[in-house]
Amino acid sequence: MPFWCVFVVLISLWAVPCARAQTSTLPQQSRITIGGGRIDVACDDTGLQVSCKSMLAWVRTSATAVATFYSRFPVGTLFLKIAPAMAGRGRIHGTTFGRKDSALIRIFVSPLTTDADLRDDWVMTHEMVHLALPSLTPEHHWLEEGIATYVEPIARAESGTLDVQTVWRELVDGLPNGLPQPGDQGLDNTHTWGRTYWGGALFCLLADVEIHQRTANKRGLRDALRAILNAGGNIEVDWPVARALKAGDDGVGVPVLTGLYDRMKATPTQTDLPMLWKQLGVQASGNTVIFDDEASLAAIRRAITSKLP
C-alpha cells in the first residue's frame, strides 16, 4: 500500500473517535422552583429507557411531596445530578450531601428503570427528606435515616402518589426490623441496617404518637420536624443531636423527642408492636391493612397521615 494511502487510513481512524467525542451529549441542565427552593438538575439519560423529561417530572413530584410535608422546600438551592447507574446496584439509588449554603443529591438510574418505576419510586423523596435535618455525627445516623424512612411514605401519601393503606402496611412490615436483637446496646451504639433505618423509623412513630397524646392531638412529629427546619436546622449545617431534638420539642411544647432519645439511645428498649397496632386500629390483611376507627388511638392514626396545613 502506498505511503499516502496508509497516511489517509490512519488519519481516518483517528478522526472517527474525535467526531464521536464532539457529538457526544452532555447532561441536560434544568431548573425547578418549588416551595421557595431552587433545584438545579443535571440529567444524563444516556443508555436509559427513561428520558430526562420524565425524570424531571419525577423530581418535581418528589420535591412537591417534601415541600408539602415541611410547608416549604428544605434548602434554598439544591444541586441534583442524575446519571446512569452501573450494573448490579438496583434500579434507583442515591446519596445526599450537605454543603454550606447549598446541598447536593446524586441519583443513579439503572438502564432497567421504566417510567412506571419512576412513578412508584421512593428513593428521590427519601433523599430529599434528608435535606430537612442538620448533619449529625455518625452515631446519630439512625436518626437521619429513620426520619427519612418514616416521613417519605407519609409525604408521598399527602401528595397523592401513595395510598394511606400502603403507608401503614409498610410500617407493619418494616418496623419489626427495627426492634432490638440480642446484644443490642441502644440506637446510638448499634449500627445494623435494621436498627439504623427501621429502629430510627420506630423512634419516629413512637414520638409521633406520644406528641399527639400529650398535645390533645393538636401537634405531631411533623410539627417538631418543621420547627427544627425553621430554626435553621437543614443539611447545610452541623448540629449536635441534643440541639436538633430540643428545637423539635420547643416547636410542639412538650419534651417528647429528648425524653424518648434518653430512653432509647443506650438501652435496647422493647416495643409491643402488636399492641400498638391494635391501639392505632391497624390490622394487616393480605397486602394491605384494615382500619378500625373505634380503636383507642384511631384519631391519632388519622392525624398522622392527614393533610394538615
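The values are calculated or read from the model by the stated rules, or taken from the named source; none is laboratory data. The structure presented is a predicted model; accordingly, all values stated were derived computationally and were not measured. Here the Cβ positions follow ideal geometry from the backbone for every residue, glycine too, while neighbour counts run over all protein chains shown.
Write out, first by first residue and then by second, each pair whose Cβ atoms fall under 8 Å of each other, whose residues are 6+ apart or on separate chains, and whose first residue, in the range 262-282, is in contact (Cβ under 8 Å) with a residue 24 or more places away in the chain and not assigned by TED's automatic domain parsing to the domain that holds Leu179 while the second is buried (at least 18 other Cβ atoms within 10 Å of the Cβ) and outside any loop (DSSP other than H, G, I, E, B).
So the pair list comes out empty.
Pick from Phe79, Phe108: which is aromatic (Phe, Trp, Tyr) and either in contact with a helix residue (DSSP H, G or I) (Cβ under 6 Å, 6 or more places away or on another chain) or under 17 Å from Ser54 (Cα atoms) (or both)?
None of the others qualify; the one that does is Phe108.
Looking at the range 199-222 only, could you name the residues that are more than 27 Å from Asn177 (Cβ to Cβ) and either touching a Pro at 6+ places or on another chain (Cβ under 7 Å) or in a helix (DSSP H, G or I) (or both)?
Selection gives Arg214 alone.
Take the range 76-85 and flag every residue that is surrounded by fewer than 23 Cβ atoms within 10 Å (Cβ to Cβ) and of a type in the set (A, V, I, L, M, F, W, C).
Correct list: Phe79, Ala83, Ala85.
Among the candidates Phe108, Phe73, single out the residue that is of a type in the set (Phe, Trp, Tyr) and either surrounded by fewer than 23 Cβ atoms within 10 Å (Cβ to Cβ) or farther than 16 Å from Leu229 by Cβ (or both).
Every option except Phe108 fails the conditions.
Do we find that Pro180 is in contact (Cβ under 8 Å) with a residue 12 or more places away in the chain and not in a helix (DSSP H, G or I) in this structure? I'd like the intermediate steps shown before the answer.
Working: in contact (Cβ under 8 Å) with a residue 12 or more places away in the chain: yes; not in a helix (DSSP H, G or I): yes.
Criteria met by Pro180.
Quick check on the range 259-291: of everything there that is under 20 Å from Gln185 (Cβ atoms) and of a type in the set (A, V, I, L, M), which residue is farthest from the chain's Cα centre (by Cα)?
Filtering first and then ranking leaves Ala266.
So is Thr96 modelled with pLDDT of 95 or more, surrounded by fewer than 20 Cβ atoms within 10 Å (Cβ to Cβ) and closer than 26 Å to Gly160 by Cβ or not?
Criteria not met by Thr96.
What's the number of the only condition in (1) aliphatic (A, V, I, L, M); (2) under 24 Å from Ile290 (Cα atoms); (3) over 13 Å from the mean Cα position of the chain (by Cα); (4) in a helix (DSSP H, G or I) that Leu162 fails to meet?
Result: Leu162 passes all but (4).
Could you tell me which residue of the range 157-172 is nearest to His140 (Cα to Cα), considering only residues that are surrounded by fewer than 20 Cβ atoms within 10 Å (Cβ to Cβ) and free of Cβ contacts under 8 Å to residues at least 60 places away in the same chain?
Glu170
Can you tell me which residue among Tyr150, Tyr197 is under 15 Å from the mean Cα position of the chain (by Cα) and closer than 23 Å to Asp292 by Cα? Quick ask: steps written out before the conclusion?
Working: Tyr197 fails: closer than 23 Å to Asp292 by Cα.
Testing whether each residue is under 15 Å from the mean Cα position of the chain (by Cα) and closer than 23 Å to Asp292 by Cα leaves just Tyr150.
Can you spot a residue in the range 32-53 that is in a helix (DSSP H, G or I) and modelled with pLDDT of 95 or more?
Looking for residues that are in a helix (DSSP H, G or I) and modelled with pLDDT of 95 or more, one finds at least one in the range 32-53, hence yes.
With among the basic types (Lys, Arg), within 24 Å of Ile154 (Cβ to Cβ) and in contact with a Gly (Cβ under 6 Å, 6 or more places away or on another chain) as the only criterion, which of Arg119, Arg60, Arg91, Arg72 stands out?
Arg72
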